[in-house]
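Worksheet: one structure, shown below.
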Amino acid sequence: MTIPRRHLLALAALLPVLARAHGDHKAHAAPKEEAPQPVKVSLGDTPLVDQGGRKVRLKSDVMAGKVVVVDFIYTTCTTICPIFTATMASVQEKLADVSGRDLQLISMTVDPLRDTPPRLQAYAGKHHARLDNWSFLTGTKGDVDTVNKAFGTYTANIDDHPPMVMVGDTASGQWTRFFGFPGAGDLEARVRQLLAARKGSS
């Protein structure tokens, strides 16, 4: 599948900030040798709010038993987070053949005090996110912190939040942590593995 030119241009424009990013986000200097790891994630059905201002429940409304790809961002970040969002946009394009009944992309804020639904809506638009199967989530600080703690991405200082993407089958409970800067192709491959496993088990 051909990646839209706007996503390629966005990725190309963002690559030079990687060098600066390590200075601006200390904890984002991820070990380069760390391979994707299977991890256990224990999530509750936490109440959250999406970019449209709709009240949703994490497990029953947003995830709804689907295969999900989750990244962790905040809208005022100008270094690492836009790169992750561009990667997610590429993942969405690569998986355009997968039904929204089976796949959900989630961008979880780590800065709920500033990332209001209108800010997330504007951020999504800036990065050309299709919102049919991609949700940008915020909520009260307590609820957002609960979700980030469950994923292992909570830090008191948002600039130090660990760079990672989580891919999981919320029906089987299988989760893989991609720490650092995974490529869109690697994330796509893991999603397709999980989807194939579902078909095999059925």
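The values are calculated or read from the model by the stated rules, or taken from the named source; none is laboratory data. Worth saying up front: this structure is predicted, and the values here are computed from it rather than measured. All Cβ positions, glycine included, derive from the backbone under ideal geometry; neighbour counts span all protein chains shown.
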field: Residues within segment 157-201 that are over 17 Å from VAL110 (Cβ atoms) and part of a helix (DSSP H, G or I), tallied
entry: 18
message: Looking only at segment 54-74, count every residue that is closer than 14 Å to THR109 by Cα and assigned to a loop (DSSP other than H, G, I, E, B) and tell me the total.
response: 1
- prompt: What is the residue count in segment 142-156 for residues that are more than 17 Å from ASP50 (Cβ to Cβ) and part of a helix (DSSP H, G or I)?
  reply: 5
- line: With the first residue restricted to segment 37-59 and required to be surrounded by 15 or more Cβ atoms within 10 Å (Cβ to Cβ), and the second required to be among the hydroxyl-bearing types (Ser, Thr, Tyr) and not in a strand (DSSP E or B), Cβ contacts under 7 Å at 6 or more apart or on different chains are THR46/THR146; LEU58/THR46
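If a residue has to be of a type in the set (Ser, Thr, Tyr) and at pLDDT 95 or above to count, how many in segment 155-202 make the cut?
Taking segment 155-202 and keeping what is of a type in the set (Ser, Thr, Tyr), we get 155, 170, 172, 176, 201-202.
If we keep only those that are at pLDDT 95 or above as well, we get 170, 172, 176.
Total satisfying the criteria: 3.
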- request: For segment 124-132, state whether one or more residues are within 13 Å of the chain's Cα centre (by Cα) and under 17 Å from ILE83 (Cα atoms).
  value: yes
- prompt: ASP97 is checked against (1) farther than 19 Å from ASP143 by Cβ; (2) under 17 Å from the mean Cα position of the chain (by Cα); (3) acidic (Asp, Glu) and fails just one. What number does that condition carry?
  reply: (2)
query: Of (1) surrounded by fewer than 23 Cβ atoms within 10 Å (Cβ to Cβ); (2) outside any strand (DSSP E or B), GLN104 satisfies all except one. Which?
result: (2)
- prompt: Is there a residue being closer than 17 Å to LYS59 by Cα, in contact (Cβ under 8 Å) with a residue 60 or more places away in the chain and either loosely packed, with under 14 Cβ neighbours inside 10 Å or charged (D, E, K, R) (or both) anywhere in segment 140-158?
  reply: yes
